[in-house]
Amino acid sequence: MKEIRIDPEWREQLADVFASEAFGRLAGTVRAEYAGPTPVYPPARRIFAAFDACPFSAVKVVIIGQDPYHGPGQANGLSFSVNPGVKMPPSLVNIFKEVQAETGAPMPADGDLSRWARQGVLLLNASLTVREHQPMSHARLGWQLLTDEAVARLAARREGIVFMLWGSFAIGKGAFIDRSRHLVLTSPHPSPLSAHRGFFGNGHFAAANRYLESRGESPIIW
């Protein structure tokens, strides 16, 4: 997968993972999936978009999703994000509702979260690919080999990162993070099935900015 864009810092940080036999097998499987009859998302060139948009040294906040959106035209390689002109999925609408409640920011015109990524928000899915209309269909291909290591190395090699973990899946992914070195925020998932059980009102966006400012970092414009 050398032809797919990924930020040089991340390529260096994860060089041993990319060079491993296990990742080689994963890459072969993913290539075969993209060449198969069932569409796979995001577009192949966007598989590592989360890493490419937010270099290792620039990460201030990490938001972990499960896998990309599985509908046509939705996934763009950033967790929870969709391109301009694409209808916002319900979870993303709920995210923006919470941002509005906390900050007063109006509902944005589109669901493209690349503007967050440019400010240091790593929007990382645990699985970086998915088959069309088959959620979690690539969850066992081995992407966690890469994405778990990315989170672990941020936690070990950086200080003062905000980890926003929404839902039991993401919370489990961050169980090992040293709370004395980073801010770990947890709540239910923004899905319509769970948002009213504690995602709404969680205060995460304001809390993240207070923490960043306390460390002399610029806040995120949510």
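The values are calculated or read from the model by the stated rules, or taken from the named source; none is laboratory data. Note that this is a predicted model, so its numbers are computed, not measured. Cβ atoms come from the backbone with ideal geometry, glycine included; neighbour counts cover every protein chain shown. Calculation scope for accessible area: heavy atoms of the full protein, side chains included, ligands and nucleic acids excluded. Shrake-Rupley method; radii C 1.70, N 1.55, O 1.52, S 1.80 Å.
Helix content alone sets the calculated 222 nm mean residue ellipticity of the chain: runs of n ≥ 4 DSSP H residues at -39500 (n - 2.57) each, divided across all residues, give -10000 deg cm²/dmol.
Take the Cβ-Cβ distance between Arg118 and Ala32 as r, set R0 to 35 Å, and report the resulting FRET efficiency rounded to the nearest 0.05. My answer for the efficiency is 0.60. The residues neighbouring Val62, those whose beta-carbon lies less than 12 Å from its own, together hold a net charge of +4 under the Lys/Arg +1, Asp/Glu -1 convention. At full extension, Asp110 and Glu149 could sit 10.9 nm farther apart than now, given 0.36 nm per residue minus the alpha carbon distance. Annotation note: GluC sites (Glu not before Pro) in the range 1-74 located in DSSP loop regions with a Cβ neighbour count of at most 15 within 10 Å are Glu3. Here the chain exposes an accessible surface that is 54 percent carbon and sulfur, computed with a 1.4 Å probe and the other protein chains kept in place.
Measuring from a point 7 Å past the Cα of Arg157 along Cα-to-C-beta, which residues in the range 1-42 have an amide N at less than 16 Å? Inside the label zone: 6-20.
Taken along its principal axes, the alpha carbon cloud of the range 103-199 reaches lengths of 36, 36, 29 Å, longest axis first.
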